[in-house]
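First the structure, in the form of structure tokens, and then the observations on it.
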Amino acid sequence: MLNYFWSALMIAVFFGGSIFVHELGHFLAARRRGLKVERFSIGFGPRIAGWKGKDGVDYRLSLPPFGGYVALPQLADMSAIEGKPSDDGEDAKPAAPLSYTTKMIVFGAGAFFNLIFAFVLGTILWFVGQPVSTEDQTTRVGHVRPTLTLADGTVVPGPAMEAGVRPGDVILRVDGSRVKTFNDIGTLVALGAGRTAGNAPSVELTLERDGETLVVPMVPAYSGPEDIREIGVEPAVQPMITGVAADSAAAEAGLRADDVIVAVDGKPADYVSFVSEYLLLHGAKPVRLTIERAGELSEVVVTPRMVIDPGASVAVPRLGVNLGGKWSTTLVYLPPWTQMWGHAVTTWRTLSSLVHPKSDIGPSKLSGPVGIARIFHLLSQLDVRLVLWFTVLVNVNLAMLNLLPIPVLDGGHMTFATIEKLRGRAMPMRVIATVQSVFMVLLFTMILYVTYYDILRMKVFGRAPAPKTETIQTAPQEAPSAPRSGDSQPVAP
């Protein structure tokens with residue numbers, strides 16, 4: 001219960017705080033420019049709590065408590081969303097025309113405040129350090145996967161393996177974009193829009209091998225439950241035992257949880273699935289494991305047992321352990337502007353991929369309020385500094401999305417104001433109201449659509465762990481100790 005309370009607190013403070021800061025920007029800018037404020041609401045829909053301030057503003061919490069608005073009748077007719085303005089006193093009189101400068105300042109203030117909030121949190125993170133996976137802070141390939149498993153369970157050859165990528169290669173660029181970490185590689189591959197002449201997906205890696213630069217094209221596979229482009233390369237990471245099945249070969253040999261498998265029969269184990277792949281090649285013969293336990297090395301001889309693989313319905317050699325990667329964590333100290341620029345680049349790439357006709361990124365791959373809250377929950381269980389990191393991302397994301405020239409968003413209001421400025425007269429209110437209503441319906445439909453897929457993701461990734469059985473887990477846990485490629489999923493608040 002304490003964990004859930006802590007998660008709820010983090011969501012309220014940082015996710016809710018990001019929305020509050022955005023609306024506060026509009027509110028303070030409107031007050032500064034002399035506009036009348038009708039309401040300050042966190043959430044759309046019916047009012048569930050609040051008060052009427054001495055300044056005449058209705059401060060409220062509304063259902064659902066996602067998003068928010070500041071009702072400014074002088075700026076835009078949003079009555080279809082925010083409700084009708086009061087009809088007494090000054091509200092019954094025609095509002096004086098507002099200058100173009102005032103409109104742009106008030107509409108842009110929300111995004112500006114999000115950037116300020118991101119900068120403040122980024123500065124804190126600069127001083128305390130951002131936890132990252134040590135293994136991720138390189139682009140040197142530690143393992144090239146021979147096969148990938150598709151969403152339907154089909155096993156296909158690994159694209160990088162087929163293209164000739166080798167362990168030790170250093171990936172310099174993906175589709176011409178420079179990469180600094182493995183996180184960059186996974187993101188650029190997933191967001192890629194390259195296509196072959198036959199309309200198959202394609203990606204081009206620029207590698208450094210033995211001092212030479214190579215350009216390697218390949219066809220990525222649609223891997224995992226979400227059919228994301230993947231090529232099958234991983235950084236070097238040693239397998240670590242996370243669980244030992246009772247009455248198994250591993251238990252009989254004295255293996256324990258947290259033991260790190262350094263080598264198998266003298267061959268270095270530098271990726272998680274190395275153990276299972278080695279056993280498949282050598283069958284049920286005894287193997288000599290080099291184990292690191294509490295900083296000391298020792299050797300253990302284990303004889304695997306043949307058990308039925310539930311996925312393949314065939315007997316395979318197993319030790320009876322669950323394996324994960326021994327991911328180590330280090331701290332990086334990045335200036336806030338560097339953090340914000342990196343998030344802005346990722347957001348821009350995501351938006352570009354979203355509208356690119358040849359990419360595989362659609363609205364179903366985005367995360368809405370439910371998905372964002374889930375990520376806050378996962379990160380809050382790991383390290384509050386990861387919550388700060390993600391909040392910086394969310395605020396940069398909010399700022400950029402809200403400035404898009406789409407009706408209902410701040411950028412749409414700014415676009416209407418600019419058109420009126422160029423025309424020299426106001427646009428017909430009926431036209432504006434109709435466009436706003438249509439796009440509001442589209443926006444809420446989009447939120448519902450994205451939320452549906454957020455819930456599906458929770459079922460896939462958030463299910464309770466299975467009992468410890470004689471299986472080998474060949475991938476790190478979904479929520480690692482520091483952000484990796486899976487943690488930078490595009491968000492759409």
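A short reminder: the numbers here are calculations on the coordinates, not readings from a lab. All values derive from a computational prediction rather than experimental measurement. Cβ: placed from backbone, ideal geometry, glycine included. Neighbour counts: every protein chain shown.
Three semi-axes describe the equivalent ellipsoid of segment 356-417; taken as square roots of 5 times the Cα gyration tensor eigenvalues and ordered largest first, they are 27, 17, 9 Å. Our note on the geometry: Cα centres of segment 8-34 and segment 133-162, 42 Å apart. When segment 211-269 is described by a simple charge dipole with +1 on each Lys and Arg Cβ and -1 on each Asp and Glu Cβ, the residue from 242, 264, 217 located farthest towards its positive end is 217.
Each distinct pair of alpha carbons in the chain adds a 1/r term; the inverse of their mean, the Kirkwood radius, is 25.5 Å. Full extension of the chain segment joining residue 52 with residue 227 gains 58.0 nm, where the gain is 0.36 nm per residue of separation less the Cα-Cα distance. Kirkwood's formula applied to the C-alpha pairs of segment 227-383 gives a hydrodynamic radius of 19.2 angstrom. The calculated FRET efficiency for the pair residue 215 and residue 280, based on their C-beta separation and a Förster distance of 30 Å, comes to about 0.35. Take the Cα radius of gyration of segment 139-234 and divide it by 2.2 N^0.38 Å, N being the number of residues; the result is 1.00.
Positive end of the dipole of the chain (Cβ unit charges, origin at the Cα centre): among 306, 442, 327, the Cα lying farthest that way belongs to 442. Computed from the Kirkwood radius of its Cα pairs, the Stokes-Einstein diffusion coefficient for segment 239-326 at 10 °C and 1.306 mPa s stands at 123 µm²/s. Legend: P(r) of segment 354-470 from all alpha carbon pair distances, 5 Å bins from 0, whole percents, reading 2, 9, 12, 16, 16, 14, 11, 8, 5, 3, 2, 1, 1, 0, 0.
A simple charge model with +1 on the Cβ of Lys and Arg, -1 on the Cβ of Asp and Glu and nothing else charged puts the dipole of segment 239-326 at about 140 debye relative to its Cα centre.
Which order do 204, 135, 38 fall in if you start with the one that has the fewest other Cβ atoms within 10 Å?
Taking fewest neighbouring Cβ atoms as first place, the list is 204, 38, 135.
Helical content of the chain, expressed as a calculated mean residue ellipticity at 222 nm, amounts to -12000 deg cm²/dmol (DSSP H runs of 4 or more residues, -39,500 (n - 2.57) each, divided by residue number, nearest 500). Altogether, the Stokes-Einstein calculation at 10 °C and 1.306 mPa s, with the Kirkwood radius of segment 297-407 over Cα pairs as Rh, returns a diffusion coefficient of 85 µm²/s.
Computed on the Cα trace of segment 277-357, the radius of gyration divided by the Kirkwood hydrodynamic radius gives Rg/Rh = 1.27.
Along its first, second and third principal axes, ordered by size, segment 100-174 spans 59, 33, 24 Å in Cα coordinates.
Helices assigned as whole DSSP H runs in the chain whose Cα atoms extend at least 30 Å along their own long axis and whose mean Kyte-Doolittle hydropathy is -0.5 or higher are found at 100-128, 429-461. Of the cross-linked pairs 54/421; 103/365; 180/326; 365/459; 358/459, those separated by over 24 Å at the C-alpha level are 54/421; 103/365; 358/459.
Using the 10 angstrom Cβ neighbour count as an exposure proxy, how do 213, 123 rank, fewest first?
Final ranking by Cβ density, sparse to dense: 213, 123.
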